Amino acid sequence: MSVDDALAGARTALERCDALATLSARAGRIDRFYLTPEHAAANTLAASWMHEAGMSTWTDAVGNVCGRLEGATNGLPALLLGSHLDSVPDAGPYRGARRRRV
């Protein structure tokens with residue numbers, strides 16, 4: 001991977017954190033609580049990014065959006081990495097996938 005590719009990927013990640021930061025119950029802070037409309041909107045947005053990357057998506061029994069990208073042989077076991085898209089009240093930097101501009 002080139003430095004330019006790495007920088008482009010980093011820019012995309014930060015832009016996506018900014019997009020998630022707009023999904024809040026209150027303006028000027030991040031309040032995206034579990035199983036609220038804001039949490040559902042964050043899951044929908046993240047799922048759209050997963051679809052763009054060629055992943056299949058689903059929502060698990062506790063409301064997490066999940067994605068899978070098949071390898072060269074479909075159906076083999078997968079490694080699952082993840083995080084949450086809900087937040088604590090007035091979330092701090094990168095807590096609940098967001099960042100604050102300073």
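Within the stretch 29-41, residues that are part of a loop (DSSP other than H, G, I, E, B) have Cβ atoms under 8 Å from residues that are of a type in the set (Ser, Thr, Tyr) in these pairs: Ile30/Ser24; Ile30/Ser87; Asp31/Ser24; Asp31/Ser87; Arg32/Ser24; Arg32/Ser87; Phe33/Ser87, counting only partners at least 6 apart in sequence or on another chain. Residues in the stretch 29-42 that are open to solvent by less than 50 Å² (accessible area, probe 1.4 Å), out of contact with any helix residue (DSSP H, G or I) (no Cβ under 6 Å at 6 or more places or on another chain) and of a type outside the set (A, V, I, L, M, F, W, C): Asp31, Thr36, Glu38, His39.
Screening the stretch 1-28 for residues that are open to solvent by 40 Å² or more (accessible area, probe 1.4 Å) and in contact (Cβ under 8 Å) with a residue 24 or more places away in the chain and picking the one that is farthest from Asp86 (Cα to Cα) gives Leu14. Among the residues of the stretch 1-28, those identified as among the charged types (D, E, K, R), closer than 18 Å to Ala91 by Cα and assigned to a helix (DSSP H, G or I) are Glu15, Arg16, Asp18. Of all residues in the stretch 49-64, exactly one satisfies the criterion of being over 14 Å from the mean Cα position of the chain (by Cα) and outside any loop (DSSP other than H, G, I, E, B), namely Ser56. Taking first residues from the stretch 66-80 that are without any contact (Cβ under 8 Å) to a residue 12 or more places away in the chain and open to solvent by 60 Å² or more (accessible area, probe 1.4 Å) and partners that are in a strand (DSSP E or B) and not hydrophobic (A, V, I, L, M, F, W, C), the Cβ contacts under 7 Å between residues at least 6 apart in sequence or on separate chains come to Ala78/Arg68.
The values are calculated or read from the model by the stated rules, or taken from the named source; none is laboratory data. Just so you know, these numbers come straight off a predicted model, no measurement behind them. With ideal geometry, Cβ positions are generated from the backbone for all residues, glycine too; neighbour counts draw on all protein chains shown. These accessible areas exclude ligands, DNA and RNA; they are computed on the full protein's heavy atoms, side chains included. Shrake-Rupley method; radii C 1.70, N 1.55, O 1.52, S 1.80 Å.
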